[in-house]
Structures are given as structure tokens and as C-alpha cells.
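A quick write-up on the structure given underneath.
All of the numbers you see were taken from the coordinates with simple rules; none came from a lab. Bear in mind that the values here come from a model prediction, so they are computed numbers and not experimental data. Glycine gets a Cβ as well: all are built from the backbone with ideal geometry, and neighbour counts include every protein chain shown.
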């Protein structure tokens, strides 16, 4: 049995792996995020993404970037543990950590066929769009699971003050 930790690859090793997968005729799908508290919305997104190809790679934001995006109390789970939890899911083939503001450099390195993001990006250009186009890939929106977000879970658990209505 393969250990989850063995599915977490550095950028260079992952790029070599993807080249090998491509030679074998595999379609590579990529998605990324913080994944601070794993929930059913994440799982359903991974299942949607995996259905688009043969291999699913998930990029995970490093802790410093999560703090910038989500605030000083986050992440709740350290980056290596978040990566290992994701790698333990059967639907995910490989996981890579990245520390940049977005996943563009990782996308350029691995050149996935399809890059997916959640529905929160619907109607907006995603930050990685130029990188996706530069490697000949395409972008695909994923459906969101209504009402299932890490922030909502934290608010319900009392860990965060509820956001004001905007």
C-alpha cells in the first residue's frame, strides 16, 4: 500500500512525473487551494476535477500564504498535515505545496491539460489564466456545494466571529 506522504512531491519531481504520465497518454488535471479544514465541498470538487482526466494533482498553499489570505489565526492545520490528508484521498493522485501568491509557477512547471477552480471564480478571470494559456491548457469551473465553506464551519463552531452581511 502506498503511503499518503509518498504522493506529496516537490515541483521538479512532479514535473518529471507529469512528463512521464503524458508519454503514457494520460490527461492531467490540476486544482489548488488552502484546504485548511477538509470538508465535503472539497471532496466533491476533487471528484468533479478527477472526472475530467486521468490524473488529479492538487496544489496546496503554504502556511504563510494561507495567513495572508485568511488572517492571522489560519491555517488551523499546518501545511504538511494538510498535504498529507489530501494525499490520503483516493481521488487525488499527487499533491504539491506552493508558496507563491497563486499557482501560476506550479502550473507552468507541470503544464496540466486542465486547471479547475471553484465556482467562486465564475464570471471572473482567475489569477493563473495567463499561465494556463501559456502551457496550452484550459480552465474549468467546478460546482460549489452551497453553504459548505471552511469559514462557515469555523463560524458555526464559534472559532470566528460571523462575517457581516455585504
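Quick notes
- By the helix-only formula, in which each DSSP H run with n ≥ 4 contributes -39500 (n - 2.57) and the sum is divided by residues, the chain has a 222 nm mean residue ellipticity of -10500 deg cm²/dmol.
- Sequence-separation-based contact order of the range 4-154, relative, with Cα cut under 8 Å and 6+ spacing, percent: 29
- The computed P(r) over Cα pairs in 5 Å bins from 0, in percent for the structure shown corresponds, within [x] 2, 9, 17, 21, 19, 15, 10, 5, 1, 0; [y] 1, 9, 17, 22, 23, 15, 8, 4, 1, 0, 0; [z] 1, 8, 16, 18, 17, 13, 10, 7, 5, 3, 1, 0, 0, to [y].
- Gain on full stretching of the segment that runs from residue 23 to residue 101 - 0.36 nm per residue minus C-alpha separation: 25.0 nm
- Measuring spread by the Cα atoms of the range 60-119 yields a radius of gyration and Dmax of 12.3, 35 Å.
- Fewest-first sequence of 79, 133 by Cβ atoms within 10 Å of each Cβ: 133, 79
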